[in-house]
Amino acid sequence: MARMPGGGSHAKNFDAAPDEFLQRGAIYLYPLPCTLIVVFSPHLVARRTLTAAFFEIARRYPARVDLLCFGTSGSWRETLAPTGNVFERIDQIVGEAARSYPRGLIAARLRPEVIDLVAGGRLAPAYAMWMEARGAWTTGLYEGFRRQRLLDHAVIVRNPRGSSRLIIEHWGRKRDLYGAQWICRARGKALQEQPYPGLTTWVEAGIREAMATREPRLEAVRIQLLDPAGRSRRRRYERLLLPWIGADGDAFTTSFTIDHKRS
């Protein structure tokens, strides 16, 4: 658990909590007059950290508590006043996150402005293409991605107009976490059909958020899971989600990942 002194610049800037500490499961407490702001990532908080935070909140006995939660598919804020049920609510949020978040996965949201500084700058051309096209999808983008040597690192998903379906249009050969057989048969399948249901839920949530907000999403991801043969697979990579709209109203999302190393 980490405390930030009240009245300082950090207390006014709720995004100031360092990502590396949130990734370690820290809970930040920002005391303000009559209000205590609690910042945490529900899916990463350990039980002992939660207990320590409860003791500190009880000691301060604030008139109001603002919860700022950084979840797997976005952030949200809740205000509890009076604060009688604050412990039950935090416990509920953490419990629900633990059930829905795939085990062995850590994802930290990055600002798109730093895209030149991550993955050796490999993702920057895709972001520049999205900016130049203002998110307008054309089939010519495939050739652009190929020229930038990004098509093999891409998964492209289509959401038909007036439908909630997510259909895989392209699965790059270097996106081989699920094995070579899946790469060969992925095109045309529903996104939800991919292996590892827990991971699929997280992938789907990110894609739907990008489509809904029409905003890019850049993340640093660490993952460990068992493959179909029972072997442990570890990956560390940056992921860039870009939302697009086609002329016929279909929505597309391109997901690019650049691996650091494989094991």
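With respect to the stated conditions, R214 fails to be touching an Asp or Glu at 6+ places or on another chain (Cβ under 9 Å), surrounded by fewer than 16 Cβ atoms within 10 Å (Cβ to Cβ) and at pLDDT 85 or above.
With the structure loaded, tell me whether R222 is touching a Lys or Arg at 6+ places or on another chain (Cβ under 8 Å), exposed (fewer than 13 other Cβ atoms within 10 Å of the Cβ), over 21 Å from N159 (Cα atoms) and among the charged types (D, E, K, R) or whether it fails that test. For R222, the condition - touching a Lys or Arg at 6+ places or on another chain (Cβ under 8 Å), exposed (fewer than 13 other Cβ atoms within 10 Å of the Cβ), over 21 Å from N159 (Cα atoms) and among the charged types (D, E, K, R) - is not met. All conditions but one from (1) modelled with pLDDT under 95; (2) more than 19 Å from the chain's Cα centre (by Cα); (3) part of a helix (DSSP H, G or I) apply to W130; the one that does not is (1). Does region 198-209 include one or more residues that are out of contact with any Gly (no Cβ under 9 Å at 6 or more places or on another chain), assigned by TED's automatic domain parsing to the domain that holds L117 and charged (D, E, K, R)? Within region 198-209, one or more residues are out of contact with any Gly (no Cβ under 9 Å at 6 or more places or on another chain), assigned by TED's automatic domain parsing to the domain that holds L117 and charged (D, E, K, R).
Surrounded by 22 or more Cβ atoms within 10 Å (Cβ to Cβ), over 16 Å from the mean Cα position of the chain (by Cα) and not polar (S, T, N, Q): does that describe Y61? No. Of all residues assigned to region 132-152, at least one qualifies as being in contact with a Leu (Cβ under 9 Å, 6 or more places away or on another chain), farther than 22 Å from D248 by Cα and outside the structural domain of G71 (by TED's automatic domain parsing).
Which one is surrounded by the fewest Cβ atoms within 10 Å (Cβ to Cβ) among residues in region 65-75 that are modelled with pLDDT of 85 or more and hydrophobic (A, V, I, L, M, F, W, C)? Working first, answer last.
Initially, region 65-75 is screened for residues modelled with pLDDT of 85 or more, giving 65-69.
From what is left, the residues that are hydrophobic (A, V, I, L, M, F, W, C) are 65, 67-69.
Numbers: V65: 23, L67: 19, L68: 17, C69: 20.
Applying the filter and picking the extreme gives L68.
Within region 3-46, being farther than 17 Å from I106 by Cβ, at pLDDT below 70 and not small (G, A, S) holds for R3, M4, P5, H10, K12, N13, F14, D15.
For the residues G95, G84, G104, the requirement of being surrounded by 13 or more Cβ atoms within 10 Å (Cβ to Cβ) and either under 12 Å from H43 (Cβ atoms) or modelled with pLDDT under 75 (or both) singles out G104.
Every residue, every condition in (1) hydroxyl-bearing (S, T, Y); (2) under 18 Å from R217 (Cα atoms), yes or no:
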residue: A128; (1), (2): no, yes
residue: E132; (1), (2): no, yes
residue: R146; (1), (2): no, no
residue: R165; (1), (2): no, no
residue: C184; (1), (2): no, no
residue: Y196; (1), (2): yes, no
residue: L199; (1), (2): no, yes
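The values are calculated or read from the model by the stated rules, or taken from the named source; none is laboratory data. None of the values given here were measured: they were computed from a predicted structure. Quick reminder, even Gly has a Cβ in these numbers, built from the backbone with ideal geometry, and neighbours come from all protein chains shown.
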